Amino acid sequence: MNIVITGGTSGLGKALVEKFEKKGDNIIILARSVESGNGIKCDIGNNESVKSAFAEIAKIFGNIDILINNAGYGISGATELIPVEETKKIFDVNFFGALYCIQNALPLMKSGAKIVNISSACALFALPFRTLYCASKSAVSMLSNSLRLELSTAKIQVCAICPGEIKTNFTKNRVKHFATNERYGKRIENATNHIDKHEDSRMSVEFASTKIFNIIGKKKLRPQYIIGGKYKALYFASKIFPLSCILKVTGKTMGGKK
Ligand SMILES: NC(=O)c1ccc[n+]([C@@H]2O[C@H](COP(=O)([O-])OP(=O)(O)OC[C@H]3O[C@@H](n4cnc5c(N)ncnc54)[C@H](OP(=O)(O)O)[C@@H]3O)[C@@H](O)[C@H]2O)c1
């Protein structure tokens, strides 16, 4: 299999690369800090960079069997106070990065190919002070679901994978904005500390990557997979209880005290 993965230099992506390589697949990593021979330096938030990476991939592979849109990062802070350039940047990477890769990969994909988009549980549940990350991942999930419909007759499968919190460099790399005003008081700092405090209860990379590796290997992909028991349970609850109840739960647990 010829596989292209974005962000295979760290965390989830790196663990997936190791698994596919062990299986004997050909894998190319697109990331900004690639070192080894199986990677192409690429900033997925820049379409020119993505275009030139795929031109190289076309020469190396000819065709692509699986595209895994994994690269991404988080951002936290009060939506009102995050500088507009930062708000655009997260969409450039998390959403447009996936879109650019899809548009450049599709001409190299045939019937039987797969597009796997690593979204997030944050696409399913609204979280205060992580609004922009939630919104960028919701956009990824909707891109994934709608694209699945467009490509169904071409027999190219598309799926979104929504993991809960995984122990990677994600927390360290999250862009944290602590700017506040009298409206929010200490809530931003408290909410951010609350997320970081739970680092030890996060899923291990091994657990999450094994689940995702097995999903990608399935003959028939469902449109969406949620990784992590408690996130599956909350999703189930969100189908039964009104949105206002679910928002109360996520707002109370993640909203930080003033
Ligand atoms: N960890 C979690 O709790 C969690 C939960 C749900 C979903 N996710 C999603 O899972 C995916 C992987 O995250 P992770 O947890 O493995 O985080 P990570 O350890 O921080 O890895 C992020 C990866 O994305 C790459 N990347 C970031 N910006 C990039 C850019 N502009 N161009 C190319 N590559 C870029 C990084 O590579 P370079 O720095 O080399 O470019 C790195 O390989 C992300 O989409 C994240 O949103 C994570």
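Some values worked out for this structure:
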| item | result |
| --- | --- |
| Restricting region 49-59 to residues that are within 21 Å of the chain's Cα centre (by Cα) and more than 13 Å from the ligand (Cβ to nearest atom), the residue that is surrounded by the most Cβ atoms within 10 Å (Cβ to Cβ) | Phe54 |
| Criterion (closer than 27 Å to Pro223 by Cα, within 20 Å of the chain's Cα centre (by Cα) and not in a strand (DSSP E or B)) met by exactly one of Leu147, Leu67 | Leu147 |
| Failed item, numbered, when Thr153 is tested on (1) among the β-branched types (Val, Ile, Thr); (2) in a loop (DSSP other than H, G, I, E, B); (3) surrounded by 12 or more Cβ atoms within 10 Å (Cβ to Cβ) | (3) |
| Where a residue in region 42-55 is part of a helix (DSSP H, G or I) and its partner, wherever it lies, is near the ligand (Cβ under 8 Å from one of its atoms) and of a type in the set (Asp, Glu), with Cβ under 6 Å and at least six apart | Ser49/Asp43 |
| The lone exception for Val84 - which of (1) of a type in the set (A, V, I, L, M); (2) touching an Asp or Glu at 6+ places or on another chain (Cβ under 6 Å); (3) more than 24 Å from Ile64 (Cβ to Cβ) it fails | (2) |
| Region 107-122, subset near the ligand (Cβ under 9 Å from one of its atoms) and either part of a loop (DSSP other than H, G, I, E, B) or without any contact (Cβ under 8 Å) to a residue 12 or more places away in the chain (or both), residue nearest to Met142 (Cα to Cα) | Ser119 |
| Pairs with Cβ under 7 Å, 6+ apart, first in region 208-227 and over 21 Å from Glu165 (Cα atoms), second surrounded by fewer than 13 Cβ atoms within 10 Å (Cβ to Cβ) | none |
| Restricting region 70-95 to residues that are within 16 Å of the ligand (Cβ to nearest atom) and not in a helix (DSSP H, G or I), the residue that is surrounded by the fewest Cβ atoms within 10 Å (Cβ to Cβ) | Tyr73 |
| So Ser209, is it within 12 Å of the ligand (Cβ to nearest atom), among the hydroxyl-bearing types (Ser, Thr, Tyr) and under 20 Å from Thr9 (Cα atoms) | yes |
| Residue within region 32-39 that is among the β-branched types (Val, Ile, Thr), at pLDDT below 95 and within 10 Å of the ligand (Cβ to nearest atom) present | yes |
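The values are calculated or read from the model by the stated rules, or taken from the named source; none is laboratory data. Bear in mind that the values here come from a model prediction, so they are computed numbers and not experimental data. Please note: Cβ atoms are built from the backbone with ideal geometry, for glycine as well, and neighbour counts cover all protein chains shown.
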